[in-house]
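A short worksheet on the structure shown next.
The values are calculated or read from the model by the stated rules, or taken from the named source; none is laboratory data. Quantities reported herein were computed from a predicted structural model and do not represent experimental measurements. Here the Cβ positions follow ideal geometry from the backbone for every residue, glycine too, while neighbour counts run over all protein chains shown. When the accessible area is computed, the model is the full protein with side chains, heavy atoms only, and any ligands, DNA or RNA have been set aside. Shrake-Rupley method; radii C 1.70, N 1.55, O 1.52, S 1.80 Å.
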Amino acid sequence: MGASVESMKPLTAAKKLGIFLPATPEEFQKGEISHAQFAELQANPPEWLTELRRNGPHPRPEVARKLGITITALKKNDMDKPLTTEDIRALLAEMPEWLAAARESLATQRSEAAETEAKKDEGPGKAAADAARAEATKATEQE
């Protein structure tokens with residue numbers, strides 16, 4: 001149980017850090033990362049990690065999050081690739097039809113899920129539904 005419990009593979013660490021593994025330094029890609037090293041990367045990110053998080057290229061989940069769409073929407077529109085922050089900003093500025101539709105679709109899904117949750121109990125779920133509804137309205141207005 002020793003090494004496998006105490007360290008993680010570079011791909012796992014990259015996923016947890018929200019970065020695109022092929023864009024990391026070679027020494028990061030080649031070695032195992034201990035949990036202590038991982039914690040240190042999170043607490044005191046080196047310049048290369050800060051730069052990757054700021055400018056990319058970003059992995060699919062991060063691209064989807066920044067665009068406000070699902071990974072499935074990325075795949076359906078042949079955008080299933082790492083994008084830089086600049087690429088993402090350009091897409092948001094252009095707001096192609098497929099992106100606007102995907103953003104609206106996700107906002108609607110989230111709103112409906114929050115409303116369903118709110119109907120289960122009028123407690124905290126209601127606040128989530130209201131927030132999701134406001135987000136859906138905001139996404140639609142940005143088009």
Open item on the list: Show me the three semi-axes of the equivalent ellipsoid for the chain, from the C-alpha gyration tensor (sqrt of 5 times each eigenvalue), largest first, rounded to whole Å.
Closed with: 33, 22, 13
TODO: Any chance you could run the full-extension gain for Glu112 through Gln29? It's 0.36 nm times the residue separation minus the Cα-Cα distance, nm to one decimal.
DONE: 25.8 nm
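Of Lys16/Lys81; Lys30/Lys81; Lys15/Lys75; Lys15/Lys81; Lys16/Lys66; Lys9/Lys66, which sit over 24 Å apart, Cα to Cα?
Pairs exceeding 24 Å: Lys9/Lys66.
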- [ ] Report ³J(HN,Hα) in whole Hz for each residue of region 79-88, in order, from the Karplus equation J = 6.51 cos²θ - 1.76 cosθ + 1.60 where θ = phi - 60°; Gly and Pro get x.
- [x] 10, 7, 8, x, 10, 7, 4, 5, 4, 5
- [ ] Multiply the residue gap between Lys76 and Asp130 by 0.36 nm, knock off their C-alpha separation, and tell me the result in nm, one decimal place.
- [x] 16.5 nm
- [ ] Find, among the GluC sites (Glu not before Pro) in region 1-52, those assigned to loop by DSSP (not H, G, I, E, B) with at most 10 other beta-carbon atoms within 10 angstrom.
- [x] none
Open item on the list: For a Förster distance of 30 Å, can you work out the FRET efficiency between the beta-carbons of Ser105 and Thr84, rounded to the nearest 0.05?
Closed with: 0.75
Open item on the list: Accessible area of the chain with a 1.4 Å probe: how many percent of it is carbon plus sulfur?
Closed with: 52
TODO: Assuming 0.890 mPa s and 25 °C, estimate D for region 61-109 with Stokes-Einstein, Rh taken as the Kirkwood radius over Cα pairs, in µm²/s.
DONE: 231
